Amino acid sequence: MHWTTDQSPPSVGQVVITKTRSPIRSNVGLKAVMAVTGILLVLFLVVHMLGNLKIFTGETSFDHYAHWLRDIGTPLLPHTWYLWIQRTVLTVAVVAHIVAATVLARRARAARPVKYAHRKKIQGSYAARTMRWGGVIILLFVIYHILDLTTGDLNPQGDASNPYGNVVADFAPERWYVTLFYTLAIVTVGFHLRHGIFSALRSLGQQTPQGERRNRAIALVVAVGLCVGYLVVPFAVLTGLVS
Ligand code: HEM
(Lines give C-alpha, C1' and ligand atoms only; values in the text may rest on other atoms or scores of the structure.)
Protein backbone atom coordinates (compact mmCIF):
# COMPACT_ATOMS: atom_id res chain seq x y z
CA MET A 1 0.00 0.00 0.00
CA HIS A 2 1.41 3.45 -0.93
CA TRP A 3 0.48 6.72 0.84
CA THR A 4 0.97 10.05 -0.83
CA THR A 5 2.40 12.90 1.28
CA ASP A 6 -1.00 14.51 2.03
CA GLN A 7 -2.60 11.25 3.17
CA SER A 8 -2.25 9.50 6.49
CA PRO A 9 -2.89 5.78 7.05
CA PRO A 10 -6.46 4.87 8.17
CA SER A 11 -6.97 4.37 11.86
CA VAL A 12 -8.28 1.05 13.17
CA GLY A 13 -11.96 0.59 12.30
CA GLN A 14 -11.95 3.28 9.62
CA VAL A 15 -13.48 2.13 6.32
CA VAL A 16 -11.26 2.68 3.29
CA ILE A 17 -12.99 3.03 -0.05
CA THR A 18 -10.68 2.38 -2.95
CA LYS A 19 -11.71 3.50 -6.41
CA THR A 20 -11.11 0.72 -8.93
CA ARG A 21 -10.01 1.85 -12.38
CA SER A 22 -11.12 0.15 -15.57
CA PRO A 23 -8.21 -1.83 -17.10
CA ILE A 24 -7.78 0.74 -19.88
CA ARG A 25 -7.33 3.54 -17.31
CA SER A 26 -5.00 1.61 -15.03
CA ASN A 27 -1.23 1.71 -15.50
CA VAL A 28 -1.24 -1.98 -16.38
CA GLY A 29 -3.91 -1.40 -19.04
CA LEU A 30 -1.97 1.55 -20.50
CA LYS A 31 1.25 -0.48 -20.57
CA ALA A 32 -0.64 -3.22 -22.43
CA VAL A 33 -1.85 -0.60 -24.96
CA MET A 34 1.78 0.52 -25.41
CA ALA A 35 2.97 -3.07 -25.82
CA VAL A 36 0.26 -4.16 -28.29
CA THR A 37 0.49 -1.01 -30.46
CA GLY A 38 4.30 -1.22 -30.25
CA ILE A 39 4.26 -4.84 -31.48
CA LEU A 40 2.04 -3.80 -34.39
CA LEU A 41 4.45 -1.00 -35.34
CA VAL A 42 7.46 -3.34 -35.07
CA LEU A 43 5.67 -5.83 -37.37
CA PHE A 44 5.19 -3.02 -39.90
CA LEU A 45 8.90 -2.13 -39.57
CA VAL A 46 9.94 -5.75 -40.23
CA VAL A 47 7.70 -6.10 -43.31
CA HIS A 48 8.71 -2.62 -44.61
CA MET A 49 12.40 -3.47 -44.18
CA LEU A 50 12.01 -6.75 -46.09
CA GLY A 51 10.18 -4.85 -48.84
CA ASN A 52 12.98 -2.25 -49.02
CA LEU A 53 15.58 -5.01 -49.39
CA LYS A 54 13.91 -5.99 -52.66
CA ILE A 55 15.79 -3.02 -54.13
CA PHE A 56 18.73 -5.45 -54.51
CA THR A 57 16.63 -7.58 -56.91
CA GLY A 58 16.56 -4.74 -59.49
CA GLU A 59 14.39 -1.89 -60.72
CA THR A 60 11.63 -3.92 -62.42
CA SER A 61 11.19 -6.23 -59.44
CA PHE A 62 11.17 -3.36 -56.87
CA ASP A 63 8.70 -1.24 -58.85
CA HIS A 64 6.50 -4.30 -59.40
CA TYR A 65 6.49 -4.91 -55.64
CA ALA A 66 5.52 -1.27 -54.93
CA HIS A 67 2.64 -1.49 -57.42
CA TRP A 68 1.53 -4.85 -55.99
CA LEU A 69 1.22 -3.16 -52.54
CA ARG A 70 -1.65 -1.15 -54.02
CA ASP A 71 -3.36 -4.30 -55.29
CA ILE A 72 -3.26 -6.41 -52.11
CA GLY A 73 -6.76 -7.77 -51.41
CA THR A 74 -8.07 -7.33 -54.97
CA PRO A 75 -10.47 -8.36 -56.39
CA LEU A 76 -12.19 -8.75 -52.98
CA LEU A 77 -11.24 -5.17 -52.09
CA PRO A 78 -11.08 -2.30 -54.60
CA HIS A 79 -7.61 -1.02 -55.68
CA THR A 80 -5.57 0.59 -52.80
CA TRP A 81 -8.21 -0.26 -50.16
CA TYR A 82 -5.91 -2.63 -48.28
CA LEU A 83 -3.22 0.07 -48.21
CA TRP A 84 -5.68 2.58 -46.75
CA ILE A 85 -6.88 0.08 -44.12
CA GLN A 86 -3.24 -0.50 -43.14
CA ARG A 87 -2.57 3.25 -43.02
CA THR A 88 -5.64 3.75 -40.77
CA VAL A 89 -4.62 0.93 -38.39
CA LEU A 90 -1.04 2.27 -38.19
CA THR A 91 -2.22 5.83 -37.54
CA VAL A 92 -4.57 4.65 -34.75
CA ALA A 93 -1.70 2.57 -33.28
CA VAL A 94 0.70 5.56 -33.34
CA VAL A 95 -1.88 7.87 -31.70
CA ALA A 96 -2.77 5.29 -29.01
CA HIS A 97 0.95 4.65 -28.38
CA ILE A 98 1.63 8.38 -27.89
CA VAL A 99 -1.47 9.00 -25.72
CA ALA A 100 -0.70 6.00 -23.45
CA ALA A 101 2.96 7.07 -23.14
CA THR A 102 1.97 10.65 -22.26
CA VAL A 103 -0.57 9.58 -19.61
CA LEU A 104 1.89 7.11 -18.05
CA ALA A 105 4.66 9.75 -17.96
CA ARG A 106 2.32 12.35 -16.36
CA ARG A 107 1.19 9.85 -13.72
CA ALA A 108 4.77 8.88 -12.94
CA ARG A 109 5.65 12.57 -12.48
CA ALA A 110 2.56 13.25 -10.35
CA ALA A 111 3.35 10.27 -8.10
CA ARG A 112 6.81 11.72 -7.38
CA PRO A 113 6.17 14.79 -5.16
CA VAL A 114 9.86 15.69 -4.74
CA LYS A 115 12.16 15.89 -7.76
CA TYR A 116 15.14 13.55 -7.70
CA ALA A 117 18.24 15.42 -6.59
CA HIS A 118 20.57 13.15 -8.55
CA ARG A 119 18.65 12.38 -11.67
CA LYS A 120 21.47 10.49 -13.40
CA LYS A 121 21.64 7.89 -10.67
CA ILE A 122 17.99 6.90 -11.08
CA GLN A 123 17.69 4.08 -13.55
CA GLY A 124 14.69 4.37 -15.81
CA SER A 125 14.40 8.13 -15.69
CA TYR A 126 17.18 8.51 -18.31
CA ALA A 127 15.54 5.88 -20.53
CA ALA A 128 12.13 7.54 -20.15
CA ARG A 129 13.53 10.90 -21.26
CA THR A 130 15.29 9.31 -24.24
CA MET A 131 12.10 7.49 -25.21
CA ARG A 132 10.05 10.70 -25.17
CA TRP A 133 12.44 12.71 -27.36
CA GLY A 134 13.24 9.65 -29.47
CA GLY A 135 9.53 9.25 -30.16
CA VAL A 136 9.17 12.92 -31.17
CA ILE A 137 12.17 12.67 -33.55
CA ILE A 138 10.78 9.45 -35.11
CA LEU A 139 7.37 11.07 -35.64
CA LEU A 140 8.97 14.09 -37.38
CA PHE A 141 11.12 11.72 -39.47
CA VAL A 142 8.06 9.68 -40.58
CA ILE A 143 6.25 12.87 -41.67
CA TYR A 144 9.34 13.95 -43.70
CA HIS A 145 9.78 10.39 -45.05
CA ILE A 146 6.17 10.17 -46.29
CA LEU A 147 6.54 13.55 -48.06
CA ASP A 148 9.82 12.26 -49.52
CA LEU A 149 9.11 8.71 -50.70
CA THR A 150 5.30 8.25 -50.62
CA THR A 151 3.91 11.54 -51.95
CA GLY A 152 7.23 12.51 -53.61
CA ASP A 153 6.87 16.22 -52.70
CA LEU A 154 10.35 16.42 -51.13
CA ASN A 155 11.99 13.92 -53.49
CA PRO A 156 14.28 15.13 -56.33
CA GLN A 157 12.49 12.77 -58.76
CA GLY A 158 9.05 12.29 -57.13
CA ASP A 159 7.69 9.88 -59.75
CA ALA A 160 4.94 7.70 -58.23
CA SER A 161 5.30 5.12 -61.00
CA ASN A 162 9.05 4.63 -60.30
CA PRO A 163 9.77 4.14 -56.55
CA TYR A 164 13.18 2.58 -57.40
CA GLY A 165 14.22 5.81 -59.18
CA ASN A 166 12.93 7.87 -56.25
CA VAL A 167 15.11 5.94 -53.77
CA VAL A 168 18.19 6.15 -56.04
CA ALA A 169 17.68 9.91 -56.59
CA ASP A 170 17.17 10.42 -52.85
CA PHE A 171 20.40 8.81 -51.64
CA ALA A 172 22.62 9.90 -54.56
CA PRO A 173 26.26 10.56 -53.45
CA GLU A 174 25.93 14.36 -53.87
CA ARG A 175 22.96 14.24 -51.47
CA TRP A 176 25.07 12.57 -48.75
CA TYR A 177 23.34 14.73 -46.12
CA VAL A 178 20.05 12.88 -46.82
CA THR A 179 21.78 9.57 -46.04
CA LEU A 180 23.26 11.16 -42.91
CA PHE A 181 19.82 12.36 -41.80
CA TYR A 182 18.24 8.95 -42.47
CA THR A 183 21.10 7.26 -40.58
CA LEU A 184 20.53 9.44 -37.50
CA ALA A 185 16.76 8.83 -37.67
CA ILE A 186 17.18 5.05 -38.07
CA VAL A 187 19.67 4.85 -35.19
CA THR A 188 17.10 6.77 -33.08
CA VAL A 189 14.49 4.17 -34.14
CA GLY A 190 16.97 1.46 -33.05
CA PHE A 191 17.44 2.92 -29.55
CA HIS A 192 13.68 3.44 -29.19
CA LEU A 193 13.04 -0.16 -30.24
CA ARG A 194 15.65 -1.62 -27.92
CA HIS A 195 14.09 -0.01 -24.85
CA GLY A 196 10.50 -0.41 -26.13
CA ILE A 197 10.81 -4.11 -26.94
CA PHE A 198 12.51 -4.77 -23.60
CA SER A 199 9.73 -2.92 -21.70
CA ALA A 200 6.98 -4.68 -23.67
CA LEU A 201 8.47 -8.12 -22.98
CA ARG A 202 8.80 -7.23 -19.29
CA SER A 203 5.17 -6.00 -19.12
CA LEU A 204 3.83 -9.07 -20.88
CA GLY A 205 6.05 -11.76 -19.37
CA GLN A 206 7.68 -13.00 -16.17
CA GLN A 207 10.14 -10.81 -14.31
CA THR A 208 12.88 -13.25 -13.30
CA PRO A 209 16.59 -12.29 -13.64
CA GLN A 210 16.94 -14.95 -16.34
CA GLY A 211 13.86 -13.57 -18.16
CA GLU A 212 15.28 -10.02 -17.97
CA ARG A 213 18.56 -11.18 -19.53
CA ARG A 214 16.70 -12.99 -22.30
CA ASN A 215 14.43 -9.98 -22.93
CA ARG A 216 17.45 -7.67 -23.11
CA ALA A 217 19.13 -9.96 -25.66
CA ILE A 218 15.97 -10.26 -27.82
CA ALA A 219 15.48 -6.47 -27.78
CA LEU A 220 19.11 -5.85 -28.80
CA VAL A 221 19.06 -8.41 -31.65
CA VAL A 222 15.75 -7.10 -33.10
CA ALA A 223 16.86 -3.45 -32.84
CA VAL A 224 20.30 -4.01 -34.41
CA GLY A 225 18.83 -6.32 -37.10
CA LEU A 226 16.28 -3.69 -38.13
CA CYS A 227 18.84 -0.86 -38.08
CA VAL A 228 21.24 -2.78 -40.34
CA GLY A 229 18.39 -3.92 -42.64
CA TYR A 230 17.24 -0.32 -43.12
CA LEU A 231 20.70 1.27 -43.38
CA VAL A 232 22.04 -1.01 -46.14
CA VAL A 233 19.65 0.58 -48.69
CA PRO A 234 20.83 4.23 -48.49
CA PHE A 235 24.46 3.11 -48.16
CA ALA A 236 24.14 0.82 -51.19
CA VAL A 237 22.94 3.83 -53.23
CA LEU A 238 25.56 6.18 -51.72
CA THR A 239 28.38 3.78 -52.65
CA GLY A 240 27.04 3.04 -56.14
CA LEU A 241 26.14 -0.60 -55.43
CA VAL A 242 22.55 0.28 -56.38
CA SER A 243 22.15 2.86 -59.14
C1 HEM B 1 16.42 3.86 -45.44
C2 HEM B 1 15.34 3.34 -44.97
C3 HEM B 1 14.00 3.40 -45.66
C4 HEM B 1 13.70 3.34 -46.99
C5 HEM B 1 14.64 3.18 -48.16
C6 HEM B 1 12.27 3.46 -47.10
C7 HEM B 1 11.57 3.44 -48.27
C8 HEM B 1 10.22 3.73 -48.42
C9 HEM B 1 9.51 3.86 -49.67
C10 HEM B 1 10.14 3.65 -51.06
C11 HEM B 1 8.24 4.16 -49.38
C12 HEM B 1 7.09 4.39 -50.39
C13 HEM B 1 6.42 3.08 -50.65
C14 HEM B 1 5.36 3.22 -51.70
O15 HEM B 1 4.62 4.21 -51.67
O16 HEM B 1 5.28 2.35 -52.54
C17 HEM B 1 8.12 4.22 -47.93
C18 HEM B 1 6.94 4.48 -47.25
C19 HEM B 1 6.85 4.51 -45.87
N20 HEM B 1 7.85 4.30 -44.95
FE21 HEM B 1 9.78 3.91 -45.39
N22 HEM B 1 11.72 3.57 -45.83
C23 HEM B 1 12.76 3.55 -44.93
C24 HEM B 1 12.68 3.65 -43.56
C25 HEM B 1 11.50 3.81 -42.86
C26 HEM B 1 11.39 3.87 -41.43
C27 HEM B 1 12.58 3.76 -40.47
C28 HEM B 1 10.07 4.04 -41.13
C29 HEM B 1 9.38 4.17 -39.80
C30 HEM B 1 9.97 4.58 -38.69
C31 HEM B 1 9.35 4.10 -42.38
C32 HEM B 1 7.99 4.28 -42.50
C33 HEM B 1 7.32 4.42 -43.69
C34 HEM B 1 5.91 4.72 -43.79
C35 HEM B 1 4.95 4.93 -42.61
C36 HEM B 1 5.61 4.78 -45.15
C37 HEM B 1 4.24 5.08 -45.80
C38 HEM B 1 3.61 3.77 -46.15
C39 HEM B 1 2.28 4.00 -46.88
O40 HEM B 1 2.29 4.58 -47.95
O41 HEM B 1 1.27 3.61 -46.32
N42 HEM B 1 10.24 3.94 -43.41
N43 HEM B 1 9.34 3.96 -47.37
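The values are calculated or read from the model by the stated rules, or taken from the named source; none is laboratory data. Given the structure is predicted, the values throughout are model-derived calculations rather than measurements. Here the Cβ is made from the backbone with ideal geometry for all residues, glycine too, and neighbour counts use every protein chain on show. Ligands, DNA and RNA are stripped out before the accessible areas are found, and what is left, the full protein with its side chains, is counted by its heavy atoms. Shrake-Rupley method; radii C 1.70, N 1.55, O 1.52, S 1.80 Å.
Tell me the net charge near Gly165. Cut-off is 11 Å between Cβ atoms, Gly165 excluded, with +1 for each Lys or Arg and -1 for each Asp or Glu.
In short, -4.
So, for segment 39-97, what is the accessible surface per residue at a probe of 1.4 Å, expressed in square angstrom?
65
Taking 0.36 nm per intervening residue step and subtracting the Cα-Cα distance, what contour gain separates Arg132 from Leu43 on full extension?
Computed gain between Arg132 and Leu43 is 29.9 nm.
Would you mind putting 168-175, 76-83, 204-211 in packing order, based on average other-beta-carbon counts within 10 Å, highest first?
168-175, 76-83, 204-211
Between segment 144-202 and segment 33-95, what is the C-alpha centre distance in whole Å?
15
Rounded to the nearest percent, how much of the accessible area of segment 204-243 (1.4 Å probe, protein heavy atoms only) is carbon and sulfur?
On segment 204-243, the fraction of accessible area on carbon and sulfur atoms equals 66 percent.
Sum up the charges of everything whose Cβ sits under 14 Å from the Cβ of Gly38, counting Lys and Arg as +1 and Asp and Glu as -1, but leave Gly38 out.
+3
Between Ile143 and Ala217, what is the label-point separation in nm under the 7 Å Cα-to-beta-carbon projection?
The two pseudo-label positions are separated by 4.1 nm.
Taking the mean number of other Cβ atoms within 10 Å as a proxy for protection, how do you rank 33-44, 64-75 from highest to lowest?
Highest mean packing first, the order is 33-44, 64-75.
Return the FRET efficiency for the residue pair Phe56, Leu104: r is the Cβ-Cβ distance, R0 is 41 Å, and the value is rounded to the nearest 0.05.
After rounding, the FRET efficiency stands at 0.50.
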